[in-house]
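**Q** What follows is a single structure, and I will ask about it in a moment.
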Amino acid sequence: MPNLLVERLRKLPSRSDETWQAALLRMPAWAGDENGQPVRPCMVLCVSSRTGCVGSAKPRSPGQASPGMVLEAVVSLATDRAAGGYRPGRLEVRQPEVAVQIAPLLAEVGISVVHEAELADLDGALGDMTRHFLGGRDDPAALAVPGVTIEHLRSFAGAAKEFYEAGPWRHWSNQDLIEIMSPAAEEGRGWATVMGAGRRTFGLAFYESRRQHQLMFERADPRSARGQRGVWSFTYDHITDLPLGDADAWMDHGLPVAGDGAYPFLGRLGPGREVTRPTPKQWAFVEGLARALARTSGPEMDSGRWAKTVETAAGPREYVLSLPALLETSPRPMPPPTRERPK
């Protein structure tokens, strides 16, 4: 039986020198499935590399996505008289398995189908669509930073899960300022507090100095204490609150997570609310700190100064931590930092 979509293409004139790009994608928006769980419906965009015009297929639930949606999007663009009105000579498709399945069908009407991982024109159209759905805001994904890999995220996700399950906010407040004495921190992350005692925002807040931490409590608007460089923080959210690229990483790679509201986010919020994502070194630094604090005991906290050696994506690291306020009010000399015995 003839494929009706292919037959529609057959009736159109051909432009053999024209290239289009297409891919199965997640929509840049969330919806609820039949159980009320958040899902990203699947869609297809088809873009003309010459004109920038876009065709699409009707969105489907993730379980209903199929290569036939790509044919649907090609026909959508080809039959749009304002944007198309013809069929291309070449179609570049991101998913190799989709390219293999639709190539024989489109070959019948003179369209060669090739797999291409990098589709700049399609990504540009998707970026425009994403900004439209998000009201102009599209925070960068973790994997968009050069050098950051899925293994950096996997290692950090494991530490974030351990930190969340340890629940250090039961023992610390945002007034318990921790000095990270070692390893040496980059500017803006030498001091930290545990967030979560108020049961609203959970994670870690970072400060460039003890004075900056004090200003957060002294000023009527704590945001004014962020400074010109902004502040780093490690927080937990629902997956629907993550940058879409981060959500894709968790869904595609099954990264560890402690619960529905415990997807981790790490970034710097600038004075203009612009978001900066970490480098590989910065991911490993916060990963190690999260593990060290998750494994800190009550007696170690009470000592005012202690050390922990933990694994990170960059290898084992020793963290020497202190509570300056506790050390300054202690009536007795403090012992050297407690150290774990080598295993």
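No lab work stands behind these numbers, since they all come straight from the coordinates. All figures in this text were calculated on a predicted structure; none of them were measured in a lab. Don't worry about glycine lacking a Cβ; one is built from the backbone with ideal geometry, like all the others, and counts go over all protein chains shown.
**Q** In whole Hz and in residue order, list the ³J(HN,Hα) couplings for the range 200-216 that follow from phi through the Karplus curve 6.51 cos²θ - 1.76 cosθ + 1.60, θ = phi - 60°; x for Gly and Pro.
**A** So the Karplus estimates, Gly and Pro as x, are 10, 10, 10, x, 9, 10, 10, 9, 7, 7, 5, 5, 4, 4, 5, 5, 4 Hz.
**Q** Calculate one ³J(HN,Hα) per residue across the range 85-91 by plugging θ = phi - 60° into the Karplus curve 6.51 cos²θ - 1.76 cosθ + 1.60, and present them in order as whole Hz with x for glycine and proline.
**A** These are the phi-based 3J(HN,Hα) values: x, 7, 10, x, x, 9, 10 Hz.
**Q** Where in the range 1-80 are there GluC sites (Glu not before Pro) that are in a DSSP coil and have at most 11 other Cβ atoms within 10 angstrom of their Cβ?
**A** In loop regions of the range 1-80 (DSSP not H, G, I, E or B), the sparsely surrounded GluC sites (Glu not before Pro) are E34.
**Q** Same structure, new question: Helix-only estimate, please: 222 nm mean residue ellipticity of the chain, summing -39500 (n - 2.57) across DSSP H runs of length 4 or more and dividing by its residues, to the nearest 500.
**A** -9500 deg cm²/dmol
**Q** Under 10 Å, Cα contacts only: if you run a Gaussian network model on the chain, which one of I178, I239, I150 comes out with the highest mean-square fluctuation?
**A** Looking only at I178, I239, I150, the biggest GNM fluctuation is shown by I150.
**Q** Which of the chymotrypsin sites (Phe, Trp or Tyr not before Pro) found in the range 13-120 are loop residues per DSSP with 16 or fewer other Cβ atoms within 10 Å of their Cβ?
**A** Qualifying residues, ordered by number: Y86.
**Q** Using modelled backbone amide H atoms (1.01 Å from N, in-plane), which distant-in-sequence or interchain residues come within less than 5 Å of D80's amide H?
**A** Under 5 Å from the amide H of D80 lie the amide H atoms of G85, each far enough along the sequence or on another chain.
**Q** Return a single number: how many Lys pairs in the chain, at a sequence separation of 8 or more or on separate chains, have alpha-carbon atoms below 26 angstrom apart.
**A** Lysine pairs meeting both conditions in the chain amount to 7.
**Q** Filter the GluC sites (Glu not before Pro) in the range 117-207 down to the DSSP loop ones having no more than 15 other Cβ atoms within 10 Å, then list what survives.
**A** Here the sparse-neighbourhood loop sites are E118, E186, E187.
**Q** Quick one: what does P(r) look like for the chain with 10 Å bins over all Cα pairs, in whole %?
**A** So the P(r) values, bin by bin, are 5, 21, 25, 18, 13, 10, 5, 2, 0, 0.
**Q** Let me ask something else. Can you list residues from other chains, or at least 5 along the same chain, whose modelled amide H is less than 5 Å from the amide H of G190?
**A** Y207
**Q** Further question: Can you sort S303, S182, S49 by how many other beta carbons sit within 10 Å, fewest first?
**A** S182, S49, S303
**Q** Kindly put S76, S112 in sequence by how many other C-beta atoms sit within 10 Å of each C-beta, fewest to most.
**A** Taking fewest neighbouring Cβ atoms as first place, the list is S112, S76.
**Q** Fewest to most neighbouring Cβ within 10 Å: what's the order for V100, V47?
**A** With the sparsest Cβ surroundings first, the list reads V100, V47.
**Q** Oh, and also: Got a sec to turn the phi values of the range 30-36 into Karplus ³J(HN,Hα) couplings, 6.51 cos²θ - 1.76 cosθ + 1.60 with θ = phi - 60°, whole Hz, x for Gly and Pro?
**A** 9, 9, x, 7, 5, 9, x
**Q** Under 5 Å between amide hydrogens, which residues at least 5 positions from Q95 or on another chain qualify, with H placed 1.01 Å from N in the peptide plane?
**A** L24
**Q** Follow-up question, since we're still on this one. Evaluate the charge dipole of the range 4-133 about its Cα centre and quote only its size in Debye, nearest 20, assuming +1 on the Cβ of each Lys and Arg and -1 on the Cβ of each Asp and Glu.
**A** Here the size comes out at about 340 debye.
**Q** Considering the options P256, T276, T240, tell which one lies farthest towards the positive end of the dipole of the range 227-303, charges being +1 on Lys and Arg and -1 on Asp and Glu at the Cβ, about the Cα centre.
**A** T276
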